[in-house]
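The values are calculated or read from the model by the stated rules, or taken from the named source; none is laboratory data. What you see is a predicted model; the values in this text were computed from it and never measured. Glycine also receives a Cβ, built like all others from the backbone with ideal geometry; neighbour counts cover every protein chain displayed. Ligands, DNA and RNA are stripped out before the accessible areas are found, and what is left, the full protein with its side chains, is counted by its heavy atoms. Shrake-Rupley method; radii C 1.70, N 1.55, O 1.52, S 1.80 Å.
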Amino acid sequence: MAVASIGELSPAPTSGQESVPPTTMVDVPLLPGSTSAARPLVGRRDELDTLAALLGIRPDPAVEPVRAVLLAGDAGVGKTRLLTELRDLAFTEGWQVVAGHCLDFGDSALPYLAFSEVIGRLATDAPELVDATAERHPALGRLRPGRRTLSEQDPVADSAIDAAVDRGALYDAVHALLEAAASERPLLLVIEDTHWADRSTRDLLSFLFSRPFDAPVAIVASYRSDDLHRRHPLRKVAAEWARTPGVARMQLNPLPSDDVRALVRQLHPAALTEAEMAGIVERADGNAFFVEELVGATRLSQGLPDDLAELLLVRLDQLGEEAQQVVRTAAVAGRRVHHDLLSASGTLSPTALDVGLRDAIGHNVLVPSSGDYYSFRHALLAEAVYDDLLPGERSRLHAAYADALARDRAHGTAAELARHARAAHDLGTAFDASIQAGDEAMSVGGPEEAARHYETALELLSDPAFPSDVAVDLASLGTRAVDALLVSGNAPRAVSLGQSLLDRLPADAPPSWRGRLLVALVPPMLYTETQLDPREFSAEALRLIPDEPSQLRARALHAHALTHDARHDFATARDSAVVALSMAESLDLPRLGSDVLTTLAGIQRRAGGESDEDIEAAIRNVAKVAAEAGASTTEIRAIWLLGRWYFDRAEFEAAREAFERAVQRADALGRPWSPYALDARLACQQVAFMLGEW
């Protein structure tokens with residue numbers, strides 16, 4: 001026999017008992033160890049107000065009241081917590097509250113069990129009322145606890161017709177009892193977990209929904225919407241209830257991310273790192289119960305808590321063999337999987353795959369989504385299924401996915417190929433795919449993701465099992481990783497990584513490899529507090545890189561100019577920048593050329609000697625040239641430089657306009673924390689302070 005719910009509707013908190021009238025009807029006590037009723041409600045205030053208005057507990061002129069509300073939501077999303085708050089609110093408004101719970105007894109369910117609980121509570125709190133109603137409606141006695149028969153049919157009935165007549169009398173008796181109780185004070189009836197209700201309970205609810213009360217009686221029936229698979233007996237009945245006049249349906253959606261964060265802080269007063277907080281938010285998927293379980297886990301990195309994993313995996317037992325295999329295969333892909341990829345895995349024949357998918361979708365384990373994808377109804381369910389796979393099974397499925405993606409037999413990305421290949425221990429394929437994934441991320445304005453992919457590729461090189469026949473240009477990969485970290489706003493990490501890569505260079509590596517890494521290290525060093533002198537790095541790079549026109553030589557000269565400009569050696573900086581600009585123009589490198597022009601404009605601004613109009617015109621020109629060349633980073637830098645020019649002249653309104661433009665351009669390019677974008681954000685606040693708008 002399984003306990004019905006994750007949590008049950010609880011009595012009012014102890015601190016509030018004095019305000020509850022002596023005849024207030026309460027229900028079963030809170031489950032052992034649970035403290036949810038004592039915590040402030042998080043993220044459900046609007047739903048509570050709507051529910052109270054619909055039921056007339058706290059009327060709202062903008063909401064038309066109804067007789068009953070069907071409260072639907074996934075398991076653990078917070079239905080019971082909301083009903084607990086509704087009960088407390090009803091108490092304060094002078095209502096009586098009584099609740100019954102449907103339990104998961106399988107085929108051994110006792111008919112009308114939830115209503116027996118309701119009548120038992122009424123008999124305890126108002127025995128005279130129940131006795132008086134039972135005298136007028138003798139059939140009520142059949143539902144009183146301790147007087148139940150083992151079947152719906154009365155043992156002394158002469159025929160099924162007599163039993164049917166008794167059933168009608170029973171319904172009238174329950175209706176009359178609720179009416180009598182509400183004649184004293186408004187009554188709220190709560191029936192929880194109706195997805196476990198027996199047919200008799202469902203039929204009685206249908207009767208109560210369709211037959212009005214003269215006294216103020218409001219009914220709430222809750223159920224798990226994710227349990228209502230295609231063959232679930234409540235699925236059709238709930239649809240009929242929702243079409244009944246005076247009955248409203250309310251779907252309780254997952255909590256938004258901000259509310260999940262508030263709940264985590266409530267459950268875990270000690271500070272969590274942003275990574276831990278983000279991990280809980282992502283994995284919980286807005287489900288309050290999942291949040292509680294994840295917060296309660298001692299070490300989040302070890303996977304799901306065992307109790308939660310077992311609870312989630314119970315859903316798989318309802319599926320057929322094909323559906324279970326489909327779900328296991330889908331879990332290896334992650335939260336969602338494309339149909340072509342699932343089919344190309346080769347775990348099932350096309351017919352068996354269709355059967356399994358229909359079964360998994362019908363049981364609300366998988367949900368079809370746009371673009372021929374299937375998603376897990378809950379993110380943690382995918383995680384639980386994946387963790388339950390045998391190591392060999394997991395590796396085999398990853399290998400099947402990697403092969404399908406590598407051979408273009410399925411829809412997917414380089415990042416997916418990298419993940420599957422690494423999990424299948426195909427390190428060579430994972431290495432190439434990680435670099436490709438990083439390049440793709442940079443091309444769409446995702447420097448943080450790009451840096452992660454590049455660093456993954458670098459980690460693979462350190463694996464003893466990495467194949468020796470894979471060609472690796474460590475300098476090229478390292479430069480990409482350093483650049484991505486810098487653009488994402490993590491200059492210190494870029495410096496640290498670049499220095500470690502210099503130490504990792506093979507002894508027989510070409511000198512240009514070291515030169516390339518040294519050039520890449522200069523920009524992040526200029527944005528980082530360090531004891532290192534960037535001029536030494538740029539000078540060494542120039543010694544290592546051949547003195548002939550090349551893109552790398554031009555970049556090294558530009559880096560040398562930047563390092564000397566930072567030390568106010570404007571003459572050396574200008575000379576290096578002029579040579580770099582000439583080389584960039586001769587090699588037709590417009591992006592590099594625009595970057596060098598911006599550096600020259602900055603030198604001109606700082607060194608002086610030119611008229612204000614000429615300097616302003618030069619800066620505006622380099623911003624235009626950078627935009628035309630598609631040099632986005634240089635464009636942001638040039639716009640920031642223009643803002644600094646205005647700021648130095650105390651033209652604060654013009655400065656703010658330029659800084660805000662730099663911020664907007666950086667945001668549009670997906671680089672909000674790149675060095676000059678961050679500087680522009682800070683400068684906006686500084687300008688606001690200078691203008692008295694702090």
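Report, in degrees rounded to the nearest 10, the 0 to 90 angle that the Cα long axis of helix 199-210 makes with the longest principal axis of the chain.
Approximately 90 degrees, to the nearest 10.
How far apart, in nanometres, would the label points at A275 and D473 be if each is projected 7 angstrom from Cα along the Cα-to-Cβ direction?
With each label placed 7 Å out from Cα toward Cβ, I get 3.1 nm.
In debye, nearest 20: dipole of the chain around its Cα centre with unit charges on the Cβ of K, R (+) and D, E (-)?
240 debye
Per residue, how much accessible surface does the chain expose to a 1.4 Å probe? Answer in Å², no decimals.
Per-residue accessible area for the chain comes out at 46 Å².
At 0.36 nm per residue, and after removing the present C-alpha to C-alpha distance, how many nm does the segment from R265 to S582 gain when stretched out fully?
108.4 nm
Using square roots of five times the C-alpha gyration tensor eigenvalues, list the equivalent-ellipsoid semi-axes of segment 631-694 in whole Å, biggest first.
Three semi-axes, in Å: 20, 12, 8.
Report, to the nearest whole %, how much of the accessible area of segment 589-694 belongs to carbon and sulfur atoms, 1.4 Å probe, protein only.
50 percent
Would you work out the relative contact order for the chain, in percent, from Cα pairs under 8 angstrom that are 6 or more residues apart?
8 percent
Treating the angle as unsigned and between 0 and 90°, give the value, to the nearest 10°, between the Cα long axis of helix 551-566 and the longest Cα principal axis of the chain.
Once rounded, one gets 90 degrees.
Which percent of the accessible area of segment 327-398 is formed by carbon and sulfur heavy atoms (probe 1.4 angstrom)?
Carbon with sulfur: 50 percent of the solvent-accessible area.
Which percent of Cα-Cα pairs in segment 360-434 sits in each 10 Å bin, short to long?
That works out to 19, 39, 37, 5, 0, in percent per bin.
For segment 552-694, what Kirkwood radius comes out of the mean inverse Cα-Cα distance, in Å?
15.3 Å
Compute the label zone of R649 within segment 585-609: residues whose backbone N is under 17 Å from the point 7 Å along Cα-to-Cβ.
Of the residues in segment 585-609, 601-609 have backbone N under 17 Å from the label point off R649.
Counting only DSSP beta bridges with both residues in the chain, what percent are antiparallel, rounded to the nearest 5?
25 percent
Note down the nm distance, to one decimal, between modelled labels 7 Å out along Cα→Cβ at E540 and at A688.
Result: 4.3 nm between the two label points.
Note down the nm distance, to one decimal, between modelled labels 7 Å out along Cα→Cβ at S395 and at A627.
5.6 nm
Lys and Arg at +1, Asp and Glu at -1: add these up for the other residues within a Cβ distance under 14 Å of D317 and post the number.
After counting each charged neighbour, the total is -4.
Here are several values of Cα extents along the principal axes in Å: (i) 91, 57, 45; (ii) 97, 69, 40; (iii) 110, 65, 39. Which one was derived from the coordinates shown?
Comparing each candidate, only (iii) matches the computed number.
Need the full-extension length gain, D354 to V314, defined as separation in residues times 0.36 nm minus the C-alpha distance. One decimal, nm.
Difference between extended and current length: 12.2 nm.
What's the ranking of 54-62, 167-175 by average number of surrounding C-beta atoms within 10 Å, highest first?
Packing proxy ranking, top to bottom: 167-175, 54-62.
Roll a 1.4 angstrom probe over the protein heavy atoms and tell me the percent of accessible area of segment 426-491 that is carbon or sulfur.
Percent of accessible area from carbon and sulfur atoms in segment 426-491: 47.
Any chance you could give the angle, 0 to 90 degrees and rounded to 10, that helix 127-136 forms with the longest Cα principal axis of the chain?
Once rounded, one gets 60 degrees.
If packing is taken as the average count of other Cβ atoms within 10 Å, what order do 42-50, 625-633 fall into, highest mean first?
The densest-packed peptide leads the list: 625-633, 42-50.
Taking the Cβ of A215 as the centre, find all other residues whose Cβ is under 9 Å away and add up their charges (Lys, Arg: +1; Asp, Glu: -1).
That works out to -3.
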